[in-house]
There are 4 protein chains.
Amino acid sequence: MEIGIIGATGYSGNVLYSLLKQHPQVTKINLYGHQQTNSTTSYLDEEIPSFQGEHLPLQAFNAEKIMAENDCLFFATPAGVAKQLATPLLAADFPIIDLSGDFRLKDPAEYSKWYQQPAASAEQLAKAEYGLCEFNDHPTAAYIANPGCYATATLLGLAPLIIEHLIELKSIVVDAKSGVSGAGKKLSASSHFSFINENAWLYKLNQHKHIPEILQQMQNWDDQVQAVQFSTTLIPITRGIMATIYAQLKPGITPKQIDDVYRKHYQTKPFVRWRSTELPMIKNVTGSNYCDLGYGYNPATNVITVVSVIDNLLKGAAGQAVQNFNLMWHFPETTGLPQLPIFP
Amino acid sequence: MEIGIIGATGYSGNVLYSLLKQHPQVTKINLYGHQQTNSTTSYLDEEIPSFQGEHLPLQAFNAEKIMAENDCLFFATPAGVAKQLATPLLAADFPIIDLSGDFRLKDPAEYSKWYQQPAASAEQLAKAEYGLCEFNDHPTAAYIANPGCYATATLLGLAPLIIEHLIELKSIVVDAKSGVSGAGKKLSASSHFSFINENAWLYKLNQHKHIPEILQQMQNWDDQVQAVQFSTTLIPITRGIMATIYAQLKPGITPKQIDDVYRKHYQTKPFVRWRSTELPMIKNVTGSNYCDLGYGYNPATNVITVVSVIDNLLKGAAGQAVQNFNLMWHFPETTGLPQLPIFP
Amino acid sequence: MEIGIIGATGYSGNVLYSLLKQHPQVTKINLYGHQQTNSTTSYLDEEIPSFQGEHLPLQAFNAEKIMAENDCLFFATPAGVAKQLATPLLAADFPIIDLSGDFRLKDPAEYSKWYQQPAASAEQLAKAEYGLCEFNDHPTAAYIANPGCYATATLLGLAPLIIEHLIELKSIVVDAKSGVSGAGKKLSASSHFSFINENAWLYKLNQHKHIPEILQQMQNWDDQVQAVQFSTTLIPITRGIMATIYAQLKPGITPKQIDDVYRKHYQTKPFVRWRSTELPMIKNVTGSNYCDLGYGYNPATNVITVVSVIDNLLKGAAGQAVQNFNLMWHFPETTGLPQLPIFP
Amino acid sequence: MEIGIIGATGYSGNVLYSLLKQHPQVTKINLYGHQQTNSTTSYLDEEIPSFQGEHLPLQAFNAEKIMAENDCLFFATPAGVAKQLATPLLAADFPIIDLSGDFRLKDPAEYSKWYQQPAASAEQLAKAEYGLCEFNDHPTAAYIANPGCYATATLLGLAPLIIEHLIELKSIVVDAKSGVSGAGKKLSASSHFSFINENAWLYKLNQHKHIPEILQQMQNWDDQVQAVQFSTTLIPITRGIMATIYAQLKPGITPKQIDDVYRKHYQTKPFVRWRSTELPMIKNVTGSNYCDLGYGYNPATNVITVVSVIDNLLKGAAGQAVQNFNLMWHFPETTGLPQLPIFP
């Protein structure tokens, strides 16, 4: 298959390129920029020195040409780009996996509110499918909206509790910690090494853009869900997310039931490792497509704590995108995905 | 004044020595080890190369000699040491500030349970005063039990909410993040650089030794308090604690009231900086004795989030110990304490 | 092929296991410990939580059984182990790739001096081949001594200069910087996070064990080499080595010649990327088997500076070991080796 | 005394403000910006949240007003600012300590070449004195040019060797490592956390602006000096510089002589700690005004290695500036300077 990537020079795009390059079903990768014309041609290895030798041109965006040259296209672009470029591709039902947030929310008003810009039309949004792989393993749409990194870690951690109605919905608190690569390579005072190093900063309290997709998915599972308490704290690491989830158990629910339910939901899922009462750490999954989960129960407070960790650029972005690609094309789900975390 | 320190070669002891050396009321510092006899004499600058030039001997422990030579004594020792050595000093009502956990809990059974070793006697424990300075600014005991680092950050963050009965007590969740120096210089797999770096690890879920002192103090403020949900996550920094505190407001309480109450409690406290809706980060306080506090309110969940940050070795250990020393001896509270955080 | 690994629970062993698991020619991996008997059996995923799911037993060491079960064996063991266990394997000319230093030096006296323990016999040492792949790409011995991490970075950086006699040998200065994983997972004061973080430490000045293998190889290239000035500085990263090499050019040698000579030596080598006057950084190679090289020339001092970077656990250990495995078994040199560095 | 600071919101300015605030001879600090007019007034604590409570206005620059209000002025400004603003202050011989590079070089052509902008006039430059305190402890000029951070570490490490003619001048190689704060708070791709973290980068090979001031001072000590080989490598720490200096000893010079000469030159200097054969690490000096020095000798190569470490924002900037202030005003040299490094 020939594959196109728009946005290969961003962090998620770098990782996506690396994965697809080793994917046994991919014979050629074509790279495109956001613009319809390029004044000069640049090359991947010039933009990303680590990729010296990968001398692929970054071509101008041209929907017709892209559809002619490729079997499938990935958007690894900042918010706002895919929705501007996708119209002809959507109209042709061309196979797309979109790592950005543009087509994750069904309600245009929610998108406008959280992303502070106009949304794609409701009709276009309806064509896209939210690709949380473990709960959407037979995708049918041509357009897959790949979930956000925080959303992936949080939803995989919460899913069995919500689906099985085990917790008091109003008691949920999510305290998520993230590495700096989650914010992309854009320069800002808060990405400066001297700012982040030896620091921790709760940078978004109930304000992160991934909140509406978390809520939308939770409501798909249980329409009683109304809100979620969600904070994101930057810690001085490059890669990784830990979502620490707190909730009170409903009366009569036991820790044993919790353990059983997670086991049931995830035992056939190759990329979720249920660790039961052993709490996972970020380094257990770095460099892999795994989401590791563990839990603890406090009888004094009746609170269950679930810890969910992922590599934000793999399971939280490019890895899950390749997983979606495999599901879309009916390849084995693990094809082309690195099996083992990097350690140390 | 002449001051003794037991345990100057540990992290808290290092910092304590640095502070006391610059304290204008301290004319001499004498250092002692835990043992009654030394086979050979070692010196501070041999143990701590950063302190080259501070050629003070680490003398054997001798209670009579210590009381004869000093006006006040600091224990900067691991759990279990102070309770073994303090008996003659307590009997003599000798002025002591103890940075360890040995005399913080009033109930010997609680100490035994959390510290996994026998406690000092209830009579001895009764002689000690829990020195959370902002709420104990006129100490009367000769023996001050300096609070733990997590306890300081958490209690200063929770105090106005508990004292003024503003929150649903059963809804409290504390998600605390800490640097590695909090665990001291002891070697362990989890202090290895390659383990901690690029990682985050929830290492103690409802199991940290500082929980009982947090509860004891909260119960002093409100006897309805029964439990607290408390987790501690190690992040790859050397110094600093962030306690993120979540709780649901009682019916009718407004965010404005929250702001007012914190302002009221802390406006005269030189080492607490209330930042209102600006959430503090760890680096705002590193190298200083400040505790910075900020908050946010989520109308969708009725949850207030309070962020409390300290330098665990200063406000969480040696800095608060000097603050207690100042209060005990009626020096201005800020004497000898560095005023400004290190930045960057 | 079935492959045995002795020492899979160390850092190099972890990485080696990950690589071999994805190697298309490897059908089964068998793991062994250093001891002839195990009181209880442990499993890889119990020892290395990141490898949850890799439930392979760590079997006792038994040379006969190992030779019967495997086609090739890797030692990923600390210094001193291979030389104790290898005798029957050497006698049988069993294919071995040894990541430790035990069989790198030809002179037993040099080994004893630098490793502070008895060496293997000169006869045994003579059977082993020093596997610096780019300069030993047709190995003939059954026993390959895989080079040390510092040696690999330094030798690949120096090789063209020495082989082509371009520099004043007495002027060579190597200032090497390394991450902490190079010292393995052993606990020590100098591997403590609070010690390494925000620090840099020249820990071995002309005392590193890799010096004699560097000299031995340089002398193979030019018997006029007598000594090398070599220092190793620990920096707060987990993975990576940068060897900064300084030397004065011989009279009449031009920078252009330097560029040409590196290009000539490395243009056909898949794992060495010559960057000419663009100096590489560690992150250009992390997670890959690449050695990246760049240079600069100072006309004011007549000094050429060459910068050589590798991932110490890949090109400096397990990656080069797999490269040696490929060469030994006549597989394409890049088989099973990750092609692209991790970025960011 | 009343003191003015221009540029208090940069990193060096932050530290300078902290130091002067605790200086017993300073009664008031006045802050100024670079501009002659401010459209709106900002305040120090608004610009630097860590300094909450330090509510000082950043006033517009006005030379007459500054001279009227202050006894001494510090420039903590980027290159190019002081030379533009200083003319009336120089004309009045107003006491100035300039942390920037504008007045360090005597030769305007050298400044233009290295700083890529026009220099102050030779007459103005002649009025300034290069304030390397340990070798200029009786300053006589009104205008002190505070040395650069790399220059301070390198010159203090080289001084005894050059002054006493102990080494072959052409053999000198300086391999300097620095933390990220040295480049200031300006945003750039190379200050991004995800770029620097887990990385090392030789960013300037014989191209750092501090080279000409190093050479100028070395030539003051020995007019035979012609050039210096000098590279700067960024490592993932916030603060600190290590300059590793290599040179061949002249015939007949012994290591013992080296030790004696360093001891002789520095034994009366409060801020230089000679550690002899114990090599210092960056963390030995962080947070202090110390420069620690150690050395080793390699008989196989006849090379002496000297390691020099400083905190780039203290001894390499604001700390040395206060030391110069003390020398200028005949206060004890250590007045107002923190005595002990931060550890851990």
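Determine the dipole magnitude for the protein assembly as shown: charges of +1 sit on the beta-carbon of Lys and Arg, -1 on that of Asp and Glu, nothing else is charged, the reference point is the Cα centre, and the result goes in debye to the nearest 20.
About 0 debye.
Determine, from the Cβ-Cβ distance of B:Asp71 and D:Thr268 and an R0 of 51 Å, the FRET efficiency 1/(1 + (r/R0)^6), rounded to the nearest 0.05.
Computed FRET efficiency for B:Asp71 and D:Thr268 comes out at 0.90.
When the dipole is taken about the Cα centre of chain A, and only Lys, Arg (+1) and Asp, Glu (-1) are charged at their Cβ, what size is it in debye, to the nearest 20?
Around 660 debye, computed over chain A.
Quick check: from the Cα gyration tensor, does the protein assembly as shown come out rounded (a/c under 1.5), prolate or oblate?
In terms of gyration-tensor shape, rounded.
Using the basic label-point model (7 angstrom from Cα toward the beta carbon), what is the C:Lys21 to D:Ala92 distance in nanometres?
7.2 nm
Please label the shape of region B:108-154 as rounded, prolate or oblate, based on the square roots a ≥ b ≥ c of the eigenvalues of the alpha-carbon gyration tensor (a/c under 1.5 means rounded; beyond that, a/b larger than b/c means prolate, else oblate).
Oblate is the answer for region B:108-154, as a/c is 1.5 or above yet b/c matches or exceeds a/b.
For C:Gln226, put the label point 7 Å out on the Cα→Cβ axis and report which residues of region D:294-308 keep their amide N under 16 Å from it.
It comes to D:298-304, nothing else.
For chain A, just list the percent of Cα-Cα distances falling in each 20 Å bin from zero outward, please.
31, 59, 10, 0
Please give the helix B:11-21 orientation as an angle from the longest Cα principal axis of chain B, in degrees from 0 to 90, rounded to the nearest 10.
Taking Cα atoms only, the helix is inclined about 70 degrees.
Check which residues have an amide H placed less than 5 Å from A:Ile96's amide H, if you skip close sequence neighbours.
A:Leu73, A:Tyr143, A:Ile144
Starting from a label point 7 Å past Cα on the Cβ side, list the distances from D:Thr334 to the same position in the other copies, nm, shortest first.
Counterpart label points of D:Thr334 in the remaining copies fall at 2.5, 6.2, 6.4 nm.
Per residue of C:217-230, what is the mean number of Cβ atoms on other protein chains within 10 angstrom of that residue's Cβ?
2
Using a label point 7 Å beyond Cα on the Cα-Cβ vector, give me the inter-copy distances for C:Thr27 in nanometres, one decimal, shortest first.
Distances to the matching label points in the other copies: 3.0, 8.6, 9.1 nm.
Put a label point 7 Å from Cα along the Cβ direction on B:Asn38, then list its distances to the equivalent points in the other copies in nm, shortest first.
Copy-to-copy label distances for B:Asn38: 4.8, 5.4, 7.0 nm.
List the accessible area buried at the contact between B and D, summed over both sides and calculated with a 1.4 Å probe, in Å² to the nearest 100.
Between B and D, the summed buried area is about 2700 Å².
Label points 7 Å out from Cα along the Cβ direction at C:Glu168 and B:Ala109: separation in nm?
8.1 nm
On full extension of the chain, what length is gained from A:Ala189 through A:Ala126, given 0.36 nm per residue of separation minus the C-alpha to C-alpha distance?
Full extension from A:Ala189 to A:Ala126 adds 18.9 nm.
For the peptides C:50-62, A:37-49, what is the packing order when you average, over each peptide's residues, the other Cβ atoms within 10 Å and list the highest mean first?
Taking the mean over residues of other Cβ atoms within 10 Å, the ranking is C:50-62, A:37-49.
Could you list the residues of region C:186-213 with an amide nitrogen less than 17 Å from a label point located 7 Å from the Cα of B:Ser42 in the Cα-to-C-beta direction?
Counting backbone N atoms under 17 Å from the label point, the list is C:188-192, C:195.
Between D:Gln116 and B:Lys256, with labels modelled 7 Å along Cα→Cβ, what's the label distance in nm to one decimal, could you check?
5.5 nm
Return one whole number: the accessible area per residue of chain C in Å², for a 1.4 Å probe.
33 Å²
On C-alpha positions alone, give me the angle between the axis of helix C:255-266 and the longest principal axis of chain C, in degrees, nearest 10.
For helix C:255-266, the angle is close to 20 degrees.
When the accessible area of region C:6-85 is computed with all protein chains present and a 1.4 Å probe, what percentage of it is carbon and sulfur?
Using a 1.4 Å probe with all protein chains present, region C:6-85 comes out at 46 percent carbon and sulfur.
Rounded to the nearest 5, what % of the DSSP beta bridges within region A:150-312 are antiparallel ones?
Close to 75 percent.
If you rank A:Asp223, B:Asp93 by how much accessible surface each has, with a 1.4 Å probe, what is the order from largest down?
A:Asp223, B:Asp93
Let me know the mean shielding of C:333-340 by other chains, meaning the per-residue number of their Cβ atoms within 10 Å of its Cβ.
3
For region D:187-201, list whatever residues lose no less than 30 Å² of accessible surface once every protein chain is in place, relative to that chain by itself, with the probe at 1.4 Å.
Buried on complex formation: D:Leu187, D:Ser191, D:His192, D:Phe193, D:Ser194, D:Phe195, D:Asn197, D:Glu198, D:Asn199, D:Ala200, D:Trp201.
With +1 on each Lys and Arg Cβ and -1 on each Asp and Glu Cβ, how big is the dipole of region A:150-312 about its Cα centre, in debye rounded to the nearest 20?
Charge dipole of region A:150-312: 360 debye, to the nearest 20.
Note down the relative contact order for chain D as a percent, whole number, built from C-alpha pairs under 8 angstrom at least six residues apart.
17 percent
Helix D:319-328 versus the longest principal axis of chain D: what angle, 0 to 90°, nearest 10, using Cα atoms?
With both axes taken from Cα atoms, the answer is about 80 degrees.
Tell me whether region C:60-158 comes out rounded, prolate or oblate; compute the Cα gyration tensor, take square roots of the eigenvalues as a ≥ b ≥ c, and use a/c under 1.5 as the rounded threshold.
oblate
Evaluate peptide A:283-293: per residue, the Cβ atoms of other protein chains within 10 Å of its Cβ; return the mean as an integer.
3
Which one, C:Asn289, C:Ile241, C:Leu313, is farthest towards the positive end of the dipole of chain C when Lys and Arg carry +1 and Asp and Glu -1 on their Cβ?
Final value for the positive-end residue is C:Ile241.
Positive end of the dipole of chain B, charges at C-beta (+1 Lys, Arg; -1 Asp, Glu), about the Cα centre: which of B:Phe343, B:Pro212, B:Ala109 has its Cα farthest in that direction?
Farthest along the dipole direction, towards plus: B:Phe343.
Ignoring any ligand, DNA or RNA, what whole percent of the accessible area of region C:91-130 comes from carbon and sulfur when the probe is 1.4 angstrom?
It is 57 percent, rounded to a whole number.
The values are calculated or read from the model by the stated rules, or taken from the named source; none is laboratory data. The structure presented is a predicted model; accordingly, all values stated were derived computationally and were not measured. Heads up, the Cβs are rebuilt from the backbone with ideal geometry, glycines too, and the neighbour counts pull from every protein chain shown. Just so you know, the surface numbers come from the protein's heavy atoms only, side chains and all, with ligands and any DNA or RNA stripped out. Shrake-Rupley method; radii C 1.70, N 1.55, O 1.52, S 1.80 Å.
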